[in-house]
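Structure first, then comments.
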Amino acid sequence: MKDEDLVGLLAVFVPFSLMSIGGGASIIAGIQSDVVGVRGWITAREFVELFAISRAAPGPGTMLATLVGWHIAGWTGAAVASLALFLPSSLLCYAVFRLSNAHRERAWHRAMREGLAPVGTGLIIAGVISLLRLSEAVLLSTALAFGAGVLLLLFPRLSPIALILGGGCIAAGLAYPFFG
Amino acid sequence: MADEAADAVKRQPIVPLASLFLVCLKIGVLSFGGGLSGWLYQEFVTRHGWISDEDFASSLAISQMLPGANVVNLVVCMGEQLRGPLGSIICAFGFLVGPFFAVIAMSAGLSRMGDGPVLQATMTGVAAAAIGLLLAMFWRSARRYAGQRVGLVTVAVVGVTVGLLQWPLIAVVLVVAPISVYLAWQRTKHEG
């Protein structure tokens, strides 16, 4: 039973590790559909909550995988999910870095960069759409998300953690009758 | 050029693994909400002078091009340049160990606080603001493709199929990425 969970975590996160083009934000949509939809390990609401925690906590957003692992199989699950997500991509990066360091401005290098970049960008907006679809208060979430995004573009030096706390306070205020 | 780079590396004093670990641990624990490559630049290039500006830039390009969290890739490259394979392991481990315990502590703490409507609403707001961070990230990178039809179409195809139609991400990437790289390859060839 437990072993099955750990193998399942590996089967989900190892492929995503090698697909996270442009960074961890690009695989949120995929992790969501696998973990919530295909495997049914956690509910949509739990997933949005884990996403929120992974973004409010320090470290890369991909610590989402650590949380999914923890949720399903405790400490072992957290360790296995983290390794499954971070090790394959790190090994690949290590290998490519060593091989390409000597000839860094090769044309293939540039083609890879320019070709993969828009795929990564498309995956980020796919993640945004997936997360908004899961939200229980779609209108409120969409409004807050766009508000936060616009604020960030207007004030690039805005602290992300202040923004996240602000979002939490506004939503709590609206839900609480005395403030609302 | 490769020889020059190799000489530069040889001339640098050996950075102790313990210092590497501590710097990465610090950045990992204090790294709230992204913008981490700026932090790494500050520590490795500006403060400690371990890595040259140019080496940092090329490491960053590789980190962003390859799959994986950009910062983790970046610390792997920094570690490799300074101390080889062991350096990479120490840097990645040092960077991730703090956030590993931090997210679990936060998650465990939250579930102990119960499931009241206010807490639920707060988490919805936190998630929404975090989605806003992704939106801003999306907008900044999407702007680069203005006037570049192939890039815009690629962004749209991936966004619609994976986001709206919920097609499997891996299948979409395995089809779209090679086409996109091939087209970029054709472009670079024509530009000489």
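Report the label-to-label distance for residue B:19 and residue A:98 in nanometres (one decimal), using points 7 Å from each Cα along the Cα→Cβ vector.
Distance between label points: 2.4 nm.
Residue by residue through A:43-56, how many Cβ atoms from other chains fall within 10 Å of the Cβ on average? Intermediate values should be presented prior to the final figure.
Values: counts 0, 0, 4, 1, 1, 7, 9, 5, 6, 12, 12, 6, 11, 11.
If you average over the peptide's residues, the count of other-chain Cβ atoms is 6.
If I fit a long axis through the Cα atoms of helix A:2-19 and take the longest principal axis of the Cα atoms of chain A, what angle between them do I get, 0 to 90°, rounded to 10?
Approximately 70 degrees, to the nearest 10.
Sort largest first and round to whole Å: the equivalent ellipsoid semi-axes of region B:2-112, each the square root of five times a Cα gyration tensor eigenvalue.
Values: eigenvalues 152, 41, 27 Å².
Over the Cα atoms of region B:2-112, the ellipsoid semi-axes are 28, 14, 12 Å.
In deg cm²/dmol and to the nearest 500, what is the mean residue ellipticity at 222 nm of the protein assembly as shown if only DSSP H runs of at least 4 residues count, each as -39500 (n - 2.57), divided by the residue total? The partial results should precede the final answer.
Values: 15 runs with 280 residues, N = 372.
One gets -25500 deg cm²/dmol as the mean residue ellipticity at 222 nm.
Have a look at region A:2-136 and give its Rg and Dmax from the Cα atoms, expressed in angstrom.
Gyration radius and largest Cα-Cα distance of region A:2-136: 15.9, 51 Å.
Just to verify a number: FRET efficiency for residue B:48 and residue B:139, C-beta to C-beta distance, R0 = 30 Å, to 0.05?
Plugging the Cβ-Cβ distance into 1/(1 + (r/R0)^6) gives 0.35.
Suppose R0 equals 56 Å. What FRET efficiency, 1/(1 + (r/R0)^6) with r the Cβ-Cβ distance, do residue A:143 and residue B:57 give to the nearest 0.05? Intermediate results must be reported in sequence, preceding the final value.
Numbers: r = 38 Å, r/R0 = 0.68.
E(calc), rounded to 0.05, equals 0.90.
Counting pairs of alpha carbon atoms under 8 Å apart in space and at least six apart in sequence, what relative contact order in percent does chain B give?
Answer for chain B is 18 percent.
Report, to two decimal places, the Cα Rg of the protein assembly as shown normalised by 2.2 N^0.38 Å (N = number of residues).
Working: Rg = 20.4 Å, N = 372, 2.2 N^0.38 = 20.9 Å.
The value comes to 0.98.
So how much slack lies between residue A:91 and residue A:154, counting 0.36 nm per residue of separation and subtracting their Cα-Cα distance, in nm? Don't jump to the answer; show the numbers that get you there.
Working: separation 63, 0.36 × 63 = 22.68 nm, distance 3.75 nm.
Stretched out fully, the residue A:91 to residue A:154 stretch lengthens by 18.9 nm.
Going by alpha carbons, how many degrees (0 to 90, nearest 10) lie between the helix axis of A:44-56 and the longest principal axis of chain A?
70 degrees
Counting only other chains, and only Cβ atoms inside 10 Å, what mean value do you get across the residues of A:67-77? Don't jump to the answer; show the numbers that get you there.
Details: counts 4, 0, 1, 5, 3, 0, 0, 1, 1, 0, 0.
That works out to 1 on average.
No lab work stands behind these numbers, since they all come straight from the coordinates. Every value quoted in this text rests on a predicted model; they were computed, and no experiment measured them. Neighbour counts are summed over all protein chains in view; Cβ atoms, including those assigned to glycine, are modelled from backbone coordinates with ideal geometry.
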